[in-house]
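Working notes, beginning with the structure itself.
The values are calculated or read from the model by the stated rules, or taken from the named source; none is laboratory data. From a predicted model like this one, the values you see are computed outputs, not experimental measurements. Here the Cβ positions follow ideal geometry from the backbone for every residue, glycine too, while neighbour counts run over all protein chains shown.
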């Protein structure tokens, strides 16, 4: 029987305490001694991955990889957590740029560091003044996430006549290695200790009239003649001044990050809360302060993983720092992770941001396998199926890996950057008896003379 199968699986192995067997040391993909992989174990996946660049075939009772074309670096791992056995491995120890698969590491970190609810801030009331120490909550006034209403109601009470915001120090509003010229792209948000409206302006043009959300940015709009080199809406690098194309037809939903200046935060809060707002640098918090919670943690994690939301992943890192420190130092956070979560991984790695926007991130497939396996052990299969994007059902996999029976069998995190395509997660076998962990990463190697992105 000769069947060409697309590849979607990679392995997840928590080998921290497992002894390495001779079988595990083999390259099970390329070795001619590899035993036949039963179809009961590996599900047939219908979709071709990345334009048929990689195909898994069964010939002469052996499984192997075909590479088309040659300028591809491919890592694959497939792992059975029930037997702690790797079924397939190809360059699984090599380091790749994981793109948004980085969020798998972020997910494990947040599971370990955050409670079951997202904290908006620490509150202290005295003499009709509400003092707030914000904790980086990404849901506040977020137009895509509507559970912020209760926070507004908690603040906007008759007895509250003034609000004081005490902002903790933060070392940067961008992640390490982010592309500076992507500052006006909606997928690369600015970060802050008290984000509002996901720190983005949403632009629309209706009947020739430009609108913004939040509305305070409408007076910061400038108009420009049609220029093919200028985007529909643009922002100056170091200012909250936006340029809109005069000749543009009506549009909606165009997002650009804004700079989280104190004047912007003050204007938005006063417009929303209808009270005077003052913003100060950080000061020591009274012991009597109480934490005000806004959202269930898992609902935010679900949005982060299924929609690959960069803003939520980064802001929840901010929160995990502020829950244990009065200063946001990303450098210190990731340095600490080298001695905790990363120290247990089999291969050397580098983790520098929560979203995977940075090309400085480096991970091996079997490292991600270990992390996925740990998540599965901690949270269980139902939780994993609820949080990760389900093939053919929701999120970034809604149109991929569709089952004829409309029953999802792939639960995974996708990831793309220029020249990089990643997928890692869990796959259900044909019989449903096994739940396998996989990682599949592809990196295009530029041909000589081509530009590397």
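Are any residues in segment 285-323 touching a residue at least 40 places away in the same chain (Cβ under 8 Å), outside any helix (DSSP H, G or I) and farther than 16 Å from residue 357 by Cα, and if so, which ones?
285, 286, 288, 289, 290, 291, 292, 293, 294, 295, 296, 323, listed by residue number.
Among 205, 157, which is in contact (Cβ under 8 Å) with a residue 40 or more places away in the chain and either surrounded by fewer than 19 Cβ atoms within 10 Å (Cβ to Cβ) or within 30 Å of residue 378 (Cα to Cα) (or both)? If you could, list the steps in order and put the result at the bottom.
Working: 157 fails: in contact (Cβ under 8 Å) with a residue 40 or more places away in the chain.
Being in contact (Cβ under 8 Å) with a residue 40 or more places away in the chain and either surrounded by fewer than 19 Cβ atoms within 10 Å (Cβ to Cβ) or within 30 Å of residue 378 (Cα to Cα) (or both) holds for just one of 205, 157, which is 205.
Does residue 319 qualify as being outside the structural domain of residue 414 (by TED's automatic domain parsing), surrounded by fewer than 21 Cβ atoms within 10 Å (Cβ to Cβ) and within 19 Å of residue 192 (Cα to Cα)? Before you say what the answer is, go through the steps one by one.
On the way: outside the structural domain of residue 414 (by TED's automatic domain parsing): yes; surrounded by fewer than 21 Cβ atoms within 10 Å (Cβ to Cβ): no; within 19 Å of residue 192 (Cα to Cα): yes.
It is false that residue 319 is outside the structural domain of residue 414 (by TED's automatic domain parsing), surrounded by fewer than 21 Cβ atoms within 10 Å (Cβ to Cβ) and within 19 Å of residue 192 (Cα to Cα).
Exactly one condition in (1) within 22 Å of residue 318 (Cβ to Cβ); (2) in a strand (DSSP E or B) is not met by residue 112; state its number.
Failed condition: (2).
Keeping to segment 222-237, report how many residues are outside any loop (DSSP other than H, G, I, E, B) and either within 29 Å of residue 136 (Cβ to Cβ) or not assigned by TED's automatic domain parsing to the domain that holds residue 209 (or both). Talk me through it step by step, then tell me what you get.
We begin by selecting, within segment 222-237, every residue outside any loop (DSSP other than H, G, I, E, B); these are 222-224, 233-235.
Retained after the next criterion (residues that are either within 29 Å of residue 136 (Cβ to Cβ) or not assigned by TED's automatic domain parsing to the domain that holds residue 209 (or both)): 233-235.
So the count comes out to 3.
Give segment 238-284 a look and list any residue that's assigned to a helix (DSSP H, G or I) and surrounded by 12 or more Cβ atoms within 10 Å (Cβ to Cβ), or say none. Outline the logic, then answer.
In the first step, residues of segment 238-284 are kept if they are assigned to a helix (DSSP H, G or I); the result is 262-273.
Hits for segment 238-284 are 262, 264, 265, 266, 267, 268, 269, 270, 271, 272, 273.
List the strands (runs of 3 or more DSSP E) that sit entirely inside segment 117-183 and contain at least 3 residues that are out of contact with any helix residue (DSSP H, G or I) (no Cβ under 9 Å at 6 or more places or on another chain) and under 20 Å from residue 263 (Cβ atoms).
Details: elements: 117-126, 129-134, 162-167.
Result: 162-167.
Is one or more of the residues making up segment 326-340 touching a residue at least 60 places away in the same chain (Cβ under 8 Å), outside the structural domain of residue 220 (by TED's automatic domain parsing) and part of a loop (DSSP other than H, G, I, E, B)?
Yes, there is a match, as at least one residue in segment 326-340 is touching a residue at least 60 places away in the same chain (Cβ under 8 Å), outside the structural domain of residue 220 (by TED's automatic domain parsing) and part of a loop (DSSP other than H, G, I, E, B).
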